[in-house]
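> Take this structure, written in structure tokens, and hold onto it; I'll ask about it next.
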Amino acid sequence: MTRGSSGIGGGSGAGFDDFYAIIPAGGTGTRLWPLSRASRPKFLYDLLGSGRTMIQSTYDRLAAIAGGDHVVVSTGAQHEAAVREQLPELGAQQLFAEPLPRDSTAAIGLAAAVLARRHGRDIVVGSFAADHVIRDDKAFAESVRQAVAAARAGYVTTIGIAATRPSTAFGYIHQGASLADSVPDAPDARVVERFVEKPDAATALAYLNTGEYRWNAGMFVMRAGVLLDRLHEYKPRLAEALDRIADAWMAGPDARLIAMDRYWPGLEKIAFDYAIAEPLSLAGGVAMVPGGFGWDDIGDFNSVAALLPSVSPTNVKVLGDTERVAHLDSAGDVVVPASGRLVALLGVDDMVVVDTPDALLVAPRARSQEIKAMVEHLREVGRTDVL
């Protein structure tokens, strides 16, 4: 497929020749433990049984929009070999390996700084996490097209997910006035009034009832120069360090290694939302394009269950080989038979059972969000061998 010629979106400004997609591929493997681990986060797994892992599906989706040579990945050095194995299409210059996790601002900022040096500050860059589920690729591409148009107009643009329930698991975006008149190529774009943290249940319901709030999925699209300028404004020390690393990146492998060793460990660890999006929204510099393409970030095993078909009339869900799960008088369970042995359930309802060769998790589905607390407990008692 020729870049920008997919027919998606249509109309003036539909081309993507100036658009580069960044895939931040991080994670500590805590939310889906013991299936995922620090050495193998969830983006390296096929959690939907589609035949493609999360990062492969993300790459496929973005390459269809921007072209494979316009997609780069930022990941931890310990995941570099696995990412290259799963994405052999990536060229040598399309992967940024980080020696230590420093959150999304550093990951996105470094990739944008290097891309700006390669292709100019006027290119549009977009950040899309490696581990999100998107069900309607055509609708997603249309949202990206409008986000690119708003980014060309100078906005840092986010894609706000249609809130289908009063979730307390996501942050929210409060949308404001329409930008259709000032950005005609993005007729659905709106100014972002503010970003809000994960609410309690009553507040989430109130947000949903107004129709003015959308889920924040952490997708951001902007001109590289706008991002770098705002980074210098809000986080000057971080920006200066990234500039030095990016300059060294362009100088060659030896200079790159020296600069990464010197500057990367001291970078501020901060999410892009906090460093750029939230303060800029208060100045009217953030736009939002609605995303109605069906989305999930698979934040826990309940999210996994929602994406899997039932294997029984009692709504038992299995991620993996269904022949390795036997159930009797059991309902609503989520089972991951990853050890190679049979998992038998008798009179067990609404539980998560994850069986791996070196660790077995059994927990109520209602406490799926707390699995990361168990990971922390295991760390505290010295069982880092299974993390």
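The values are calculated or read from the model by the stated rules, or taken from the named source; none is laboratory data. Predicted model, so just to flag it, every value in this text is computed and none were measured. Heads up, the Cβs are rebuilt from the backbone with ideal geometry, glycines too, and the neighbour counts pull from every protein chain shown. These accessible areas exclude ligands, DNA and RNA; they are computed on the full protein's heavy atoms, side chains included. Shrake-Rupley method; radii C 1.70, N 1.55, O 1.52, S 1.80 Å.
> Please compute the Kirkwood hydrodynamic radius over the range 121-169, one decimal place, Å, based on all pairs of different Cα atoms.
Values: mean 1/r = 0.0793 Å⁻¹.
One over the average 1/r among Cα pairs gives 12.6 Å for the range 121-169.
> While we're on this one: Sketch the reach of a paramagnetic label on residue 282 as a point 7 Å from Cα along Cα-to-Cβ, and name the residues of the range 187-225 whose backbone nitrogen lies under 15 Å away.
193-197
> By its C-alpha gyration tensor, with a ≥ b ≥ c as the square roots of the eigenvalues, how is the range 5-131 shaped: rounded for a/c under 1.5, else prolate for a/b larger than b/c, else oblate? Numbers along the way, then the final one.
Numbers: a/c = 2.17, a/b = 1.42, b/c = 1.53.
Oblate, since a/c reaches 1.5 and b/c is not below a/b.
> Calculate how steeply helix 201-210 sits against the longest principal axis of the alpha-carbon atoms of the chain, using the helix alpha-carbon long axis, and give the answer as 0 to 90 degrees to the nearest 10.
Here the helix axis deviates by roughly 50 degrees.
> Sum up the charges of everything whose Cβ sits under 15 Å from the Cβ of residue 341, counting Lys and Arg as +1 and Asp and Glu as -1, but leave residue 341 out.
-3
> I've got another one for you. When DSSP beta bridges are limited to those with both residues in the chain, what percentage is antiparallel, rounded to the nearest 5?
Numbers: 27 of 57 bridges.
Of all bridge pairs located within the chain, approximately 45 percent are antiparallel.
> Along the Cα-to-Cβ line of residue 40, 7 Å from the Cα, sits a label point; which residues in the range 356-373 have backbone N less than 12 Å from it?
Those under the cut-off are 356-359.
> At 1.4 Å probe size, with every protein chain present, just tell me what the per residue accessible area of the chain comes to in Å².
Working: 16390 Å² over 387 residues.
For the chain, the solvent-accessible area averages 42 Å² per residue.
> Using a Förster distance of 41 angstrom, determine the FRET efficiency expected from the C-beta separation of residue 296 and residue 385, and round it to 0.05. Please report the intermediate quantities before stating the final value.
On the way: r = 31 Å, r/R0 = 0.76.
After rounding to 0.05, the efficiency reads 0.85.
> Stretch residue 366-residue 197 to full length: gain in nm at 0.36 nm per residue minus the Cα-Cα span? It would help to have the intermediate numbers written out before the result.
Working: separation 169, 0.36 × 169 = 60.84 nm, distance 2.17 nm.
So the extension gain works out to 58.7 nm.
> Compute the acute angle (0 to 90°) between the alpha-carbon long axis of helix 103-119 and the principal axis of greatest extent of the alpha-carbon atoms of the chain; round to the nearest 10°.
40
> Let me ask something else about it. Run the numbers on the range 255-355 and let me know its relative contact order in percent, using alpha-carbon pairs under 8 Å that are six or more apart.
Working: 109 pairs, mean separation 16.3, N = 101.
Relative contact order, the range 255-355: 16 percent.
> Can you tell me the length gained on complete extension of the stretch residue 135 to residue 274, counting 0.36 nm per residue apart and subtracting the Cα distance? Before the final figure, lay out each step's value.
On the way: separation 139, 0.36 × 139 = 50.04 nm, distance 2.80 nm.
Extending this stretch completely gives an extra 47.2 nm.
> I've got another one for you. Please build a GNM for the chain, connecting alpha carbons under 10 Å apart, and tell me which residue among 374, 288, 54 fluctuates the most.
Checking each option, the largest mean-square fluctuation is seen for 374.
> Using only Cα atoms and rounding to the nearest 10 degrees, what angle (0 to 90) does helix 371-380 make with the longest principal axis of the chain?
Around 90 degrees separate the two axes.
> Starting from 0.36 nm per residue, how many nanometres of slack lie between residue 17 and residue 314 once their C-alpha separation is accounted for?
Working: separation 297, 0.36 × 297 = 106.92 nm, distance 4.98 nm.
The span from residue 17 to residue 314 would gain 101.9 nm if fully extended.
> Right, here's the next one. With the Cα gyration tensor of the chain in hand, convert its eigenvalues to equivalent ellipsoid semi-axes via √(5λ) and list them largest first in whole Å.
Here the semi-axes work out to 35, 26, 20 Å.
> Measure off, as a whole percent, the carbon and sulfur share of the 1.4 Å-probe accessible area of the chain, all protein chains present. Let's see the in-between values first.
Details: 8280 of 16390 Å².
Percent of accessible area from carbon and sulfur atoms in the chain: 51.
> Leaving ligands, DNA and RNA out of it, rank 244, 145, 135 by accessible area with a 1.4 Å probe, largest first. The partial results should precede the final answer.
On the way: 244 120, 145 15, 135 140 Å².
The ranking, largest first, comes out as 135, 244, 145.
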